[in-house]
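Here is the structure we will look at, set down as structure tokens.
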Amino acid sequence: MNLLLILSLCTTLAAAPDPAQLLQRADQARGGGLPGLVWEIRLHNSGSQTNEDDPPMRLLIKAAGEASLVETLEPLNSKGARMLQVERNMWLTKPGLKKPVPISPRQRLSGQAAIGDIAATNYAKDYSAAFLREEAVDGERCYLLQLAAKTRQSTYDRVLYWISAERGTAVQAEFQSLSGKKLKSAQFDYGNHLEAQGRTVPFVSRMVISDALTDAKTTLEYSRIVVKAVPASTFDVSHLE
Amino acid sequence: MNARVPLLLALAVRAAAGDPFQASGTGELWGYATATDRVVELPTPQWTGEARGDLRLTREGAEVVLRPLVFEQHNPEPFADVDQAYLSQAYARIQLDGGLTFTGGRELLTWGPGNLRSPSNPLYFDAGRAEPLREVPGVDLARLTWTHGPVTAMVAREQDAGRMDRATTPGPASLAKLDLRGQDSLASLIVANQVWGAPFYGGFAQATLAEAWLAYGEIGSGQRPQDPSRKTTSLLGATYTLVNGQTLGLEWLRDGHGAAQPAAVAVQAGALTGRDHASLLWQSNLQDSGHYWRVMWTTNLQDQGSQVLAYGELSLSRRITGFVSVTRNLGGEDSEFASVFRTSVTLGCKCFVF
């Protein structure tokens, strides 16, 4: 009987995936762990409180490590606006402003999108992960991880994260407050591919963020992804003009 | 533009020669009318048209930025019309080896978190951030910046005040600036030589205290042309971001060079001549693309006079944005704000050409 219990325990332990490794692999498909990345996002808000006449936004993002620079390419009346984030420091500038304005992390990008949603994801570094259980999402076997922020720097205090067992990419996320209250959720598609470290890896092509309390949705579509080193001076606020 | 600066610009462009440049930029046409309930002699109404460009040529490791401006203003008799066309900024920037970046040309060299004024900056004490429609031109300079992790060091030589008011902007001057960035903070020290005849020492710091709170301060010690004795000017501020992205801000400014009795000195529209000021700012989410508004209340703590500035922009179509700016000065006739004008209203629109 004891032998059976031990065997059962060993089997369970052997089957339980390493959450840190799962996160590292999932991060790469969302820009994490790469030397530098440049890509574009088309952002569109929808829902009953959204003005359907509002044009979609097109953003150019440059990211490396803890830093990211987001430049608005469209619509015309926001063109040239730039948001710089270096760790927890954030600045915004736009045509007509005489110098960059420091802003708090609470400043949202548009609709449901926080800067942390569109920048490269480094959950493996920013969160401690615990494996909860296996769960199917749209019929696909996934590992469900519970993530807890390691520092105040993280965009969210807690995240429930579903990672495909077969593909190794995140397919769904639920973002929560410190008390566990659901703030919003997100679904991911991976129609893009890029060359990184000598192999072809999937990269996120679409992210749909849904508000927990309303029908508001923000859709992010990723394109023109290039892996390349971005110089440190790109993320220097004295060059943010 | 000073003769050495175009040379620096040309050298930087030549050094950046190689791969083809990619062109991008924005172009805007502005038209607006301003009416003022004047106290001193100010032209009213004013009819103004502007064309503002922001043109960029970029390639790997290099960038050329041109910001031309055409300004036409019709003023009633006896005031003369104003016709100007100039390069507000024109500089080239190249990335060198070892984290070095060189910038040469005419550049707006502003820094610091202060909104009302920027005491840590000897070139742009008044960067015009409190005036949404004001255009602030660059100064002619060459600067070298070194970035390594959380440290950024900069040395700069300002050759000429460019189109800045020479009565308020010194030149030439040499500057050194050292930035140290933390995870959620930034601190900077500034030293400048020969600003109105004496060294200038300044610094600023900002910190993100929580998800929604920012606290900051700026300080500067030096001389001014109208006050040759060394004085210290400081600013303290904090902002709070609401859940909807709107921002509330509070600032306190003590200008050591300011007059204890502002009405005793010559007043100038837009200038703060008093010693102690406080301001409250409430503005919309800067990231909203359909509209922008701000309400700013500034008070002179000596004479109890104050100013309320309300500014709003609303997108009327994909290319047209309308804007309105209303300024109301409150206080006695000899107070700093109300001694210039009581009410000013500006109404206009911007056309985004490209």
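The values are calculated or read from the model by the stated rules, or taken from the named source; none is laboratory data. What you see is a predicted model; the values in this text were computed from it and never measured. We place every Cβ from the backbone using ideal geometry, glycine too, and count neighbours over all the protein chains shown.
Looking only at segment A:93-103, decide whether some residue is of a type in the set (K, R), more than 10 Å from chain B (Cβ to nearest Cβ) and surrounded by fewer than 22 Cβ atoms within 10 Å (Cβ to Cβ). The answer is no; no qualifying residue exists. In segment B:280-318, of all residues being charged (D, E, K, R) and more than 10 Å from chain A (Cβ to nearest Cβ), the one that is farthest from A:E74 (Cα to Cα) corresponds to B:D303. Selection within segment B:71-85: residues that are assigned to a strand (DSSP E or B) and surrounded by fewer than 17 Cβ atoms within 10 Å (Cβ to Cβ). The member of this set that is farthest from the chain's Cα centre (by Cα) is B:H74. Here B:R129 does not qualify as within 11 Å of chain A (Cβ to nearest Cβ), assigned to a strand (DSSP E or B) and either of a type outside the set (S, T, Y) or touching a strand residue (DSSP E or B) at 6+ places or on another chain (Cβ under 8 Å) (or both). Among the candidates B:T239, B:T169, B:T233, single out the residue that is β-branched (V, I, T) and either outside any strand (DSSP E or B) or surrounded by fewer than 16 Cβ atoms within 10 Å (Cβ to Cβ) (or both). So the residue among B:T239, B:T169, B:T233 that is β-branched (V, I, T) and either outside any strand (DSSP E or B) or surrounded by fewer than 16 Cβ atoms within 10 Å (Cβ to Cβ) (or both) is B:T169. Filtering segment A:85-107 to residues that are in contact with a helix residue (DSSP H, G or I) (Cβ under 6 Å, 6 or more places away or on another chain) and either touching a residue at least 60 places away in the same chain (Cβ under 8 Å) or part of a loop (DSSP other than H, G, I, E, B) (or both) leaves A:V86, A:W91, A:P100. Candidates are the residues of segment B:194-214 that are in contact with a Phe, Trp or Tyr (Cβ under 8 Å, 6 or more places away or on another chain) and of a type outside the set (A, V, I, L, M); the one that is surrounded by the fewest Cβ atoms within 10 Å (Cβ to Cβ) is B:W213.
Condition check for B:G149 on (1) over 20 Å from the mean Cα position of the chain (by Cα); (2) in contact (Cβ under 8 Å) with a residue 40 or more places away in the chain: one failure, at (2).
B:V139 passes every criterion in (1) of a type outside the set (G, A, S); (2) over 19 Å from the mean Cα position of the chain (by Cα); (3) away from chain A (no Cβ under 11 Å) apart from (2). Among the residues of segment B:51-70, is any in contact (Cβ under 8 Å) with a residue 40 or more places away in the chain, part of a loop (DSSP other than H, G, I, E, B) and within 14 Å of chain A (Cβ to nearest Cβ)? Yes: segment B:51-70 contains one or more residues that are in contact (Cβ under 8 Å) with a residue 40 or more places away in the chain, part of a loop (DSSP other than H, G, I, E, B) and within 14 Å of chain A (Cβ to nearest Cβ).
Of all residues assigned to segment A:57-67, at least one qualifies as being closer than 25 Å to B:C351 by Cβ, within 8 Å of another protein chain (Cβ to nearest Cβ) and at pLDDT 90 or above.
Report yes if some residue within segment A:164-175 is over 14 Å from A:L22 (Cα atoms), of a type outside the set (A, V, I, L, M, F, W, C) and touching a His at 6+ places or on another chain (Cβ under 8 Å); otherwise report no. Checking segment A:164-175: not a single residue is over 14 Å from A:L22 (Cα atoms), of a type outside the set (A, V, I, L, M, F, W, C) and touching a His at 6+ places or on another chain (Cβ under 8 Å). If you check B:R117, B:R157 for being closer than 24 Å to A:T234 by Cα, more than 9 Å from chain A (Cβ to nearest Cβ) and of a type in the set (K, R), only one passes: B:R157.
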